[in-house]
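The values are calculated or read from the model by the stated rules, or taken from the named source; none is laboratory data. This is a predicted model, so every value here is computed, not measured. Note: ideal-geometry Cβ built from the backbone for every residue, glycine included; neighbour counts use all protein chains shown. Just so you know, the surface numbers come from the protein's heavy atoms only, side chains and all, with ligands and any DNA or RNA stripped out. Shrake-Rupley method; radii C 1.70, N 1.55, O 1.52, S 1.80 Å.
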Amino acid sequence: MPDAVVRARDAADVALTMRAASERGVPVTPRGAGTGKVGGAVPARGGIVLSLDRMRAIHEIDRLDGVAVVDPGVITGELHAAAERERLFFGPDPNSWEQCTIGGNVATNASGPRSFKYGATRDWVLGLDIVTGDGTAMSIGRRTSKGVVGYDLPSLIVGSEGTLAIVTRATLRLAALPERVIAVLALLPDESAIAPAIAAAIDARVTPRSIELLDGATLDVVRGASTIPIPDAARALLVLELDGRADAVERDAIALGEAIAALSPFDVLIAQSASERERFWSVRRDMSRALRRSARFKASEDVVVPRSRIAELLARCRAISGEHGIRMPAYGHAGDGNLHVNLLWDREDQRAAVDLAIRALFEAATSLGGTLSGEHGIGLAKAPYLALALAAETRALQLRIKDAFDPRRVLNPGKIFAGDAGHRAC
Ligand code: LAC
Ligand code: ZN
């Protein structure tokens with residue numbers, strides 16, 4: 001619980017709060033919609049929760065510049081809709097897009113299925129208005145798509161999880177709205193076919209916007225409830241989504257389907273209608289809830305590896321799962337090598353085994369050339385593991401950067417660096 005909550009109405013409220021807190025050394029935890037997965041918005045050291053939920057105006061959608069200017073409390077889905085009304089497109093699509101906010105997306109460099117083609121939030125941020133830890137307000141970055149003037153500060157703020165500055169306005173890039181979207185669903189006989197299937201798509205000169213995966217352990221959980229028949233022999237499911245001009249997308253979907261069919265004994269399905277596309281996605285979207293129902297406790301991880309190593313990571317998950325007696329189904333954004341490995345358990349006394357399994361998972365991801373988080377960030381939950389991914393000198397440099405923005409270290413203490421809280425079940 002915080003000691004106080006400030007619901008800022010504008011950047012002046014944010015600056016005033018930060019000046020007062022910084023002078024007195026009071027912790028401030030910025031908060032958007034609170035949908036984050038690693039406890040980033042939890043006031044770990046008490047103090048003030050600074051909520052940006054009242055700052056939710058879309059100031060501009062500029063067709064000619066291809067730019068949106070928005071408040072931090074704007075819901076990501078509202079920005080998608082506002083851009084689409086102008087036949088424009090904002091790429092990032094974290095799964096919580098109906099609730100999460102742009103400020104939180106900037107804080108975590110959020111992304112989702114579409115990042116395979118469109119990148120993460122960082123790729124869509126041009127400029128930011130920020131308030132630093134000592135209450136200084138400034139504009140950083142630009143409105144133009146190009147610009148090389150000094151250090152790229154917006155890129156530094158994106159993903160800094162509220163530890164450097166608070167975003168009070170964002171200038172975002174918009175693209176042209178794709179005319180048509182088609183989904184392709186493929187079942188694979190084993191996990192070693194995942195990376196070749198992605199390579200086959202690229203060889204066919206097709207860039208899907210999404211390449212989503214459900215692994216064999218996940219399929220075992222969802223098989224009964226799935227709207228798509230999933231044979232027992234299928235050990236991986238891919239949902240690939242293509243977008244662009246209608247005629248090109250239709251041709252690409254066929255080329256992609258043929259390329260993947262050559263690797264699988266199962267039929268490749270192409271969604272012919274919006275409702276069929278929705279049916280493919282419902283298998284993926286219901287995943288988290290289906291897994292949640294299948295055990296008393298669930299922790300959801302977010303590791304990333306080079307996509308060629310996905311099968312090895314899944315094999316390591318199976319070994320870790322066997323060793324610690326914790327079920328570990330995985331799903332996620334295969335095109336980016338970004339997997340949500342879930343840990344499912346039923347008894348309180350398995351907690352120690354879960355912690356060992358999580359550490360082993362992080363060690364597996366880093367040893368395969370990957371890292372601790374693809375899209376959720378480090379926050380409170382993964383702070384104890386930071387040293388697995390960042391060397392001492394890198395951590396020291398990052399803390400010196402923090403001190404330049406937040407000399408009293410009042411902004412979101414306990415997050416990213418000072419890992420003193422265990423990983424929480426969600
Ligand atoms: C997802 C969230 C957990 O991809 O990132 O479903
Ligand atoms: Zn995800």
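Note on residue 262 and residue 293: the extension gain reaches 7.6 nm, defined as 0.36 nm multiplied by sequence separation minus the Cα-Cα distance.
Average accessible surface for the chain: 43 Å² per residue, computed with a 1.4 Å probe over protein heavy atoms with every protein chain in place. Stretched out straight at 0.36 nm per residue, the stretch from residue 346 to residue 78 would grow longer than its current Cα-Cα span by 92.7 nm. Return the carbon/sulfur percentage of the accessible area of segment 307-369, one whole number, probe 1.4 Å, all protein chains in place. Carbon-and-sulfur percentage of accessible area, whole number: 49. Taking 7 Å steps out from each Cα toward its Cβ at residue 57 and residue 388 produces label points 4.5 nm apart.
The heavy atoms of residue 35 offer some 50 square angstrom of accessible surface to a 1.4 angstrom probe.
In loop segments of segment 242-290 as defined by DSSP, there are no GluC sites (Glu not before Pro) with at most 12 further C-beta atoms inside 10 Å of their C-beta.
With N counted as the residues of the chain, its alpha-carbon radius of gyration over 2.2 N^0.38 Å works out to 0.99.
Multiplying the residue separation of residue 149 and residue 228 by 0.36 nm and subtracting their alpha-carbon distance yields 23.3 nm.
Applying the criteria of a DSSP loop state and at most 14 other Cβ atoms within 10 Å to the GluC sites (Glu not before Pro) of segment 109-191 yields 179.
Annotation for segment 207-232 versus segment 326-354: alpha-carbon center distance of 16 Å. In segment 31-171, Rg over Rh equals 0.94, where Rg is the alpha-carbon radius of gyration and Rh the Kirkwood radius from pairwise Cα distances. Among the trypsin sites (Lys or Arg not before Pro) within segment 160-217, those in coil by DSSP and having at most 10 neighbouring Cβ atoms inside 10 Å are 205. Net charge dipole, segment 140-284: roughly 860 debye, given to the nearest 20, about the Cα centre with Cβ charges of +1 for Lys and Arg and -1 for Asp and Glu. Would you please state which residues of segment 130-157 a label at residue 418 would reach in this model, taking the label point 7 Å out along Cα→Cβ and a backbone N cut-off of under 20 Å? Only 132-135 fall inside the zone, counting backbone N under 20 Å. Largest mean-square fluctuation among 220, 302, 65, in a Gaussian network model of the chain whose springs join Cα atoms under 10 Å apart, belongs to 65. Once both labels are positioned 7 Å from their Cα atoms along Cα-to-Cβ, the gap between residue 190 and residue 136 label points is 5.9 nm. Can you tell me what share of the DSSP beta bridges in the chain is antiparallel? A percent to the nearest 5 is fine. If we restrict to bridges inside the chain, about 85 percent are antiparallel. Label-to-label distance, residue 7 versus residue 366, with points set 7 angstrom from Cα along the beta-carbon direction: 4.2 nm.
Here residue 273 sits with roughly 50 square angstrom of accessible surface, probe radius 1.4 Å. Note on segment 1-147: with neighbouring protein chains present and a 1.4 Å probe, carbon and sulfur make up 48 percent of its accessible heavy-atom surface. The helix-based estimate of mean residue ellipticity at 222 nm for the chain, built from -39,500 (n - 2.57) per DSSP H run of four or more residues and divided by its residue count, is -9500 deg cm²/dmol to the nearest 500.
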